[in-house]
Amino acid sequence: MPEHPMEHPKGRTRLAHAVERRIDEMGLDYVDVAREAGFTVETLIKIRKGTKVATRTYRKLEAGLGWATYSVDRVMEGRDPERAPQLITGTRTVDDEPAKISYAPIEEQLQDLTPEEQQSLIDYLADVAELHLRRQRGDGPERS
């Protein structure tokens, strides 16, 4: 059975280079990216050195870099990361309250996911929501 890319140092080296390129592209520093991802600068340094970290940490990294879920896996396999989709967009009302959004299309798409994929999406959305709330409170960097 072939080795999973996360287990192979070459895949993690590819990831380290892609992370560095994305950080440069975003115009942020390590502190900002770590804060955006919801982990420590030390964890980001480990990733940059090619050290293996937990899968959940890779999912947080994806959220912090604006990558789609499983982009880390793609990069480790030698492919390009995908940008995170804009799942929900909407306009605001006059009082700056969120507009009502129809979740039916999202619920339909969820039916096609495996339980593991659903959990990954839930984890990703929770991380994104937490980052959004931190930005609103002024605890996190603004998106460029």
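The values are calculated or read from the model by the stated rules, or taken from the named source; none is laboratory data. No experiment lies behind these values; they were computed from the predicted model shown. Every residue, glycine as well, gets a Cβ built from its backbone with ideal geometry; the counts of neighbours run over all protein chains shown.
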- Just give me the residues in region 28-80 being surrounded by fewer than 19 Cβ atoms within 10 Å (Cβ to Cβ), closer than 17 Å to GLY11 by Cβ and among the aromatic types (Phe, Trp, Tyr), in sequence order. TYR70
- Query: Looking only at residues in region 47-99 that are modelled with pLDDT under 90 and among the basic types (Lys, Arg), which one is farthest from ASP29 (Cα to Cα)?
  - Reply: ARG92
- Message: Condition (residue is of a type in the set (Phe, Trp, Tyr) and modelled with pLDDT of 80 or more) applied to region 123-142: is it met by at least one residue?
- Response: yes
- Message: Going residue by residue through region 72-85, is there one that turns out to be of a type outside the set (A, V, I, L, M, F, W, C), on the phi > 0 side of the Ramachandran plot and under 10 Å from the mean Cα position of the chain (by Cα)?
- Response: no
